[in-house]
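The values are calculated or read from the model by the stated rules, or taken from the named source; none is laboratory data. These numbers come from a predicted model, not from an experiment. Please note: Cβ atoms are built from the backbone with ideal geometry, for glycine as well, and neighbour counts cover all protein chains shown. Side chains included, ligands, DNA and RNA excluded: accessible areas come from the protein's heavy atoms. Shrake-Rupley method; radii C 1.70, N 1.55, O 1.52, S 1.80 Å.
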Amino acid sequence: MDLLTEELALDMPLNLGASLSGIATLESLCGGPETVDLGYALAGAKSAIVFGVPFDDSLIEPYLGKRDYSLSANKIRTTTFAAGIAFEISTVLTSLGYKTCPVAPNFAFRKDTPNGIFDRVPPASLKLIAASCGIGHIGQSGLLITKEFGAAFSLGAVITDAVLKPTEPLPEEENYCNRCMACKLACVADFINPEPVSIDMGGRSVRVGNCRLAARCAYPCGGITGLHPSGRWSTWSGGRFPMPEDDDEYRTISRKYVGRYLERKRSGAICYNPLLAGTYEMQYTCSNCQFVCHPDPEVRRSRLKTLRNSGVVVEDADGNKRGVPPKEAEAFLAGLPEERRRLYTDDS
Ligand code: SF4
Ligand code: SF4
């Protein structure tokens, strides 16, 4: 008898602190893109146990309104916790004789693509794998979205050679994404395209996101810069470095400014991103596409409005951030001594 039953595989993440779980198999992923090839991460893989851990919903509105930055720390802690769940399940299953590979929720990149980790291709797409096994749907943003938590959660997984039955995908008609484009309008980098896209996976047609080059998101998402082209609002980054239109320019622009970003002081929780060569320290300053996407369209509208009226972030010498009106932010930056101003802008 197999030691790992479907019931146990689904219960383990939930009992360890996740709120959603599912099982994907080679059959439920067949025909999908190369990022759902479980064998890439683990030779002989047959299934994946996938789970979601929600962020603290009560912190979303204050974060979008620039009243409280705590959601960044909550996202860091939740993501680390999800990685810990994957590691713990993996450890137990390995002791039982299974081959396993825990998959980190973030910052895991393939090294064998043309530009290595800078192509930002994950060893396994947790979003697509989670969509295949009924945890949620894919929204226009490319994020996994759920009726329970919107897009505001962290995913983790354990890929294993255990033979398990897959959990069923959700009917595509239940996907709440109505292409409202709140995610696109909440994005300072214009990362999300409006046209619908579907792929084949597991013998059915699955709606997926339509996004531009991954580096386009990573540049503001990692905190280097963050002013919206309108100049009226920003992410939680105090950076004002340029955001070009052409995707190709994003292949190198982060590397141009990462040194100055890392020279800034950071206040509060940090995580480590291998793309930020130097100290690798990062704080989440955006994720706006993730946090505006609530199952209720009225809440999405309200959150987008909150964000666009939230002002522009400035940072003091210790890295404490606050949102101020755009004109005040301009004056603040202009008044900084040159050695501090260059950490945020090329304008002299
Ligand atoms: S914000 Fe709107 S368009 Fe974007 S993923 Fe959510 S529901 Fe879809
Ligand atoms: S994280 Fe921010 S920059 Fe990246 S796609 Fe979402 S809204 Fe745009």
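List of remarks:
- Total residues in region 182-222, condition within 15 Å of ligand 1 (Cβ to nearest atom), of a type in the set (A, V, I, L, M) and either within 24 Å of G31 (Cα to Cα) or modelled with pLDDT under 95 (or both): 3
- Filter pass, Y284 being free of Cβ contacts under 8 Å to residues at least 24 places away in the same chain, closer than 20 Å to F107 by Cβ and touching a strand residue (DSSP E or B) at 6+ places or on another chain (Cβ under 9 Å): no
- Remark: V163 matches the filter, which requires a residue to be part of a loop (DSSP other than H, G, I, E, B) and in contact (Cβ under 8 Å) with a residue 40 or more places away in the chain.
- Selected residue (criterion: surrounded by the most Cβ atoms within 10 Å (Cβ to Cβ)) from residues of region 11-38 that are more than 23 Å from the chain's Cα centre (by Cα) and not in a strand (DSSP E or B): S28
- Matching residues, region 108-158, being within 16 Å of ligand 1 (Cβ to nearest atom), part of a loop (DSSP other than H, G, I, E, B) and among the polar types (S, T, N, Q): Q140, S141
- Residues satisfying the stated conditions in region 313-348, i.e. aliphatic (A, V, I, L, M) and assigned to a loop (DSSP other than H, G, I, E, B): A317, L336, L343
- Against the criterion of being open to solvent by 40 Å² or more (accessible area, probe 1.4 Å) and either at pLDDT below 95 or within 16 Å of ligand 2 (Cβ to nearest atom) (or both), R179 qualifies.
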